[in-house]
Amino acid sequence: VLIADASRQIRDFLRDAVTGHGDRAEIIEAVNGVEAIDILNERDVELAFVDVEMPGLAKGNAIDRAHFYRKKSFLVLLCADEGTAESHNDLANLALTKPIHRNAILTAIRNWKIWRETYSVLLATPDPRWREEMREELRKLDLNLIVTEEVDGAEALLRCRQSHVDIVFADRGLPTMGSEEVLQMIRRQRLPVKVILTGPDGSTESVARAKK
């Protein structure tokens, strides 16, 4: 768990809330934006509390990077006011307004635990029959799944960039941007997404590893 805030008081409060919830989580602290970014880049952080206006990190930088970190960590942004929190809601899993209440932290931890046990699956194909068949097969699995759909490669790649996606079933016949090009872009940008290419005969090929 990463706690990134310039205020020692806030860091201590968050640490007590997390450890007091009964979790034996390793707590990592950062006092500025540079440290926070380094930790998120180099460590396997499942839950991150990050002040969007901490020193050493321009707000624009934090916003630009938020989508990426949201894909590998449950990202909770700490904001100075309600307006900032509302504008950041779509960039993070959760945005909280200071002063932060303990109940809000406990809600964030509960949501993180649900997120940790949930897999996001993207069905990328223009074929509606194939999408429905895949949905039926996925329903049979004893897993918590969020299933979304896209009908062309460019939109599928955009969703992988902007949302948390674990697995993509990509039709080799995707229009706009082919599945091979989508795969190359995912690899180039090091997105933590598993890609499974599918053919017209129903064959599949796993070509990229997911984080989970």
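Read-outs: derived from the displayed coordinates by stated rules, not from any lab. Values in this document were obtained by computation on a predicted structure and should not be read as measured data. Using ideal geometry, Cβ is built from the backbone for each residue, glycine included, and neighbour counts are taken over all protein chains shown.
Treating r as the C-beta distance of Glu132 and Ser87 and R0 as 25 Å, the FRET efficiency rounds to 0.10.
Nearest 10 degrees is fine. How inclined is helix 128-139 to the longest principal axis of the chain, computing both from alpha carbons? In the chain, helix 128-139 runs at an angle near 60 degrees to the longest axis.
If R0 is taken as 41 Å, the Cβ-Cβ distance between Leu143 and Lys98 corresponds to a FRET efficiency of 0.70.
Below 8 Å, C-alpha to C-alpha, sequence gap of six or more: please give me the relative contact order for the chain in percent. Dividing the mean separation by the residue count of the chain yields 14 percent. Simple point charges give the picture: +1 on the Cβ of Lys and Arg, -1 on the Cβ of Asp and Glu, and for the chain a dipole about the Cα centre of about 420 debye. What FRET efficiency do you get for Arg161 and Thr107 if R0 is 45 Å and r is their Cβ-Cβ distance, rounded to the nearest 0.05? Efficiency for this residue pair is about 0.95.
For the chain, the tally of Lys pairs with Cα-Cα distances below 22 Å comes to 18, considering only residues 8 or more apart or on different chains.
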